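First up is the structure itself, then whatever we jot down about it.
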2 protein chains.
Amino acid sequence: MDAERTEIGTLGEFGLIDHLTKNNDTRQAGTILSIGDDAAVIDQFGKQSVISSDMLVEGIHFDLMYTPLKHLGYKSVVVNLSDICAMNATPTHITLNIGISNRFSVEALEEFYEGVYAACEQYNVDLVGGDTVSSQKGFIISVTAIGEVTPNKFVTRKGAGKGDLLCVSGDLGAAYLGLQLLEREKKIFLENSGIQPDLDNRAYVVGRLLKPEARVDIVEWLAEQDIMPTSMMDVSDGLSSEILHLCKQSKLGCVLHEDKIPFHDETREVAYKFDIDPTACALSGGEDYELLFTVKQEDYDKLRISEKISVIGYMTEESEGAQLITRNGNKHKLIAQGWTAFGQ
Amino acid sequence: MDAERTEIGTLGEFGLIDHLTKNNDTRQAGTILSIGDDAAVIDQFGKQSVISSDMLVEGIHFDLMYTPLKHLGYKSVVVNLSDICAMNATPTHITLNIGISNRFSVEALEEFYEGVYAACEQYNVDLVGGDTVSSQKGFIISVTAIGEVTPNKFVTRKGAGKGDLLCVSGDLGAAYLGLQLLEREKKIFLENSGIQPDLDNRAYVVGRLLKPEARVDIVEWLAEQDIMPTSMMDVSDGLSSEILHLCKQSKLGCVLHEDKIPFHDETREVAYKFDIDPTACALSGGEDYELLFTVKQEDYDKLRISEKISVIGYMTEESEGAQLITRNGNKHKLIAQGWTAFGQ
């Protein structure tokens, strides 16, 4: 029917969104920040709300063979709250739409909702609306999260300055290894259903995949310390693609020190068993839901006292590009190899 | 796997949502109204926002054989804005998540977004965020709409009083007939693809299905006339099921006069051709997206001057139940036969 047909895969996920939203006008005076960051910012009568929305599709974003429904409910909420945190805001409300095929029982949905409610309780967030519809195939989850932020204290991806310190919360790479482990066990199980999954001593990496947390605590800690990040986003894709977003939006380059990237001991151990470099897991894995942000150098002393935050590099002139300094002192150009949603 | 398995169809759509949300606590002091109405109301620093979310699934809610993508984009926005209007609020922002299979081209998505932007322009609403993901099958659309309302001027389903007048905007039943027409033409086309659809002089009923409008104008008109509805909702399912919601939530009965139900001439004409009673289309059809509301009797003189609003009945004691008075003067009990989302 179409005279022209451009395959979606040719644009990539970000290219597609950019393309479709390039003619998006704003009309409301209250729209402070629209599409293009972790969340939008809306001014309502002088106060500011932050809003973000995500969709998760069975078979694309999760595999029910190894994802307990309760964990899925929890995670569906958390990944959206993480976007709110990435704006330096505090989540307050969510709406939840689900599409389900008749393969699911009421009991299965109850389990899913248990996870949703557990996340609401954990993060002091209210579920205030949503829709439950039939799907033709699989389970589809769409969550919108709303948060509040002190007026003009929201933090975007574009405010970093030259010399600012590049920081990340928690540790990285574990969720990717959790996924590799579960995929391996699934394969073994499909070949021989008598073999039960062997996940002993793997609770950390598997937990990071199945039950991530949103770093509300980091947002609170930064406020307590009176540290205002100059730019921020959450690490949902790999660290390298996220750093490149910050660089591009802030029109800067950066230096990332491999030896400063934080890992959990179990992450290192599992990576070595899989014969993967843990650094590759951090750079190109995903779903860590940690906060990546920049701060002014003068905040360094305040940051040092926190065990939750690692300084992993610093911002440079745009012309210097994004550089990775390896443990051996070699310089590499940082390239994005994060998960791609379209056209593998 | 489950010891127990309750089929979703046994609960029905509303039963399922009620069941899943019965343990939903609110924690935020700002949550004024949660699940159970057309939209939620959130108090933000003394000002009030209204939020609503809907999901549309290909093959369940729309058929791309006869739904132009541009119309679909427009309608996806409008059905959510209608929920905001149903709270006596004005829509301001939306987020849009879509799931698409690789069957769709970039050009097809551009068409869909054209419709989304047309609706945003028409209703002075900003698209501020969203997600674009792969789906395993079909097209999935999830929209969240946000609006603003003068503090405590939002209108729920539960405020009607005995003797209040039952009113509806515009006319009813057309969208249902538009659907019957398009389904008939699809069947003919599938049997013989040489026959082109015959939709001459059917622009109104087809347009009501494919390109509904949200009655922002009614909300504005009511405010101008200083009429505060005592209860309100939008007519997305059939009129009878919506009236029963108002009765149940307001703990009242009602009398509905068949001869007062407003119809467009084309609706009557098409109904007769299909040998369906137009009243049945209004009562049990759906997707009219008109506003159903109650007002105090003293507002009758103000209402009379509007051609956009019909007074179709009045509220009675709960014990009297919901009654339909037919053109012949017979009394019938009003029963819900609206579209059901699950287990036909």
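What the table shows:
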quantity	calculated
Chain A: DSSP helices with Cα axial extent of at least 18 Å and average Kyte-Doolittle hydropathy no lower than -0.5	A:69-85, A:106-123, A:174-191
Rg/Rg_ref, segment B:8-149, where Rg_ref = 2.2 N^0.38 Å and atoms are Cα	1.13
Chain A: most fluctuating residue of A:H71, A:H245, A:H19 per GNM, C-alpha cutoff 10 Å	A:H19
Restraint check, A:K296/A:K333; A:K75/B:K248; A:K70/A:K273, Cα-Cα greater than 31 Å	A:K75/B:K248
Computed over chain A: relative contact order in percent, which uses C-alpha pairs under 8 Å that are six or more apart	21 percent
Loop-resident sites, segment B:225-331, for chymotrypsin sites (Phe, Trp or Tyr not before Pro), counting at most 16 other Cβ within 10 Å (DSSP)	B:F274
Among B:A145, B:A280, B:A160, residue whose mean-square fluctuation peaks in a GNM of chain B (springs only between Cα atoms under 10 Å)	B:A280
DSSP loop GluC sites (Glu not before Pro) with at most 16 other Cβ within 10 Å: longest gap in chain B	B:5-306
Ellipticity estimate at 222 nm from DSSP helix runs (n ≥ 4, -39,500 (n - 2.57)) divided over chain A, nearest 500	-10000 deg cm²/dmol
Three-way shape label, segment A:252-344, alpha-carbon gyration tensor, a/c 1.5	oblate
Shielding score for B:13-21, defined as the mean number of other chain Cβ atoms within 10 Å	4
Sparse-neighbour loop sites [chymotrypsin sites (Phe, Trp or Tyr not before Pro); segment B:1-89; at most 16 other C-beta within 10 Å; DSSP]	B:F45
Sequence-distant residues sharing a close amide H with B:Q323 (under 5 Å, placed H)	B:C254, B:V255, B:L256, B:L334
Normalised contact order of segment A:165-333, rounded percent, pairs of Cα under 8 Å and 6 or more residues apart	41 percent
Shortest-first distances to equivalent copies, position B:M65, nm, label 7 Å out along Cβ	3.5
Prolate/oblate/rounded label for chain A (Cα gyration tensor, a/c 1.5)	rounded
For A:Q297, inter-copy label distances in nm, listed shortest first [label point 7 Å out on the Cα-Cβ vector]	8.0
Residue-wise HN-Hα coupling along segment B:279-293, computed from phi with Karplus coefficients 6.51, -1.76, 1.60 (Hz; x: Gly, Pro)	4, 5, 4, 6, 6, 10, x, x, 6, 6, 6, 8, 9, 10, 8
Assigned charges on the beta-carbon of Lys, Arg, Asp, Glu; the protein assembly as shown dipole about Cα centre (debye)	80 debye
Dipole-positive endmost among B:I17, B:Q44, B:L81 within segment B:8-149 (Cβ charges, Cα centre)	B:I17
Global geometry of segment A:143-243, whether rounded, prolate or oblate, following the gyration tensor of its Cα atoms and the 1.5 cut on a/c	prolate
Inter-chain Cβ neighbour average for residues A:97-107, partner chain, 10 Å	6
In segment A:1-74, trypsin sites (Lys or Arg not before Pro) in a DSSP loop with at most 11 other beta-carbon atoms within 10 Å	A:R5, A:K22
Residue order, fewest to most beta carbons within 10 Å, for B:L172, A:L222	A:L222, B:L172
Mean projected area in nm² (Cα convex hull; one quarter of hull surface) for the protein assembly as shown	33.1 nm²
Candidates B:Q180, B:Q28, B:Q323, ranked by Gaussian network fluctuation over chain B, Cα under 10 Å, top entry	B:Q28
Cα centroid separation - segment B:178-225 against segment A:57-83, whole Å	38 Å
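Every read-out reported here was derived from the displayed coordinates using simple, explicitly stated rules and does not represent laboratory data. Since we're looking at a predicted model, the values are computed, not measured. For neighbour counting, all protein chains shown are included, and Cβ atoms are generated from backbone atoms with ideal geometry for every residue, glycine included.
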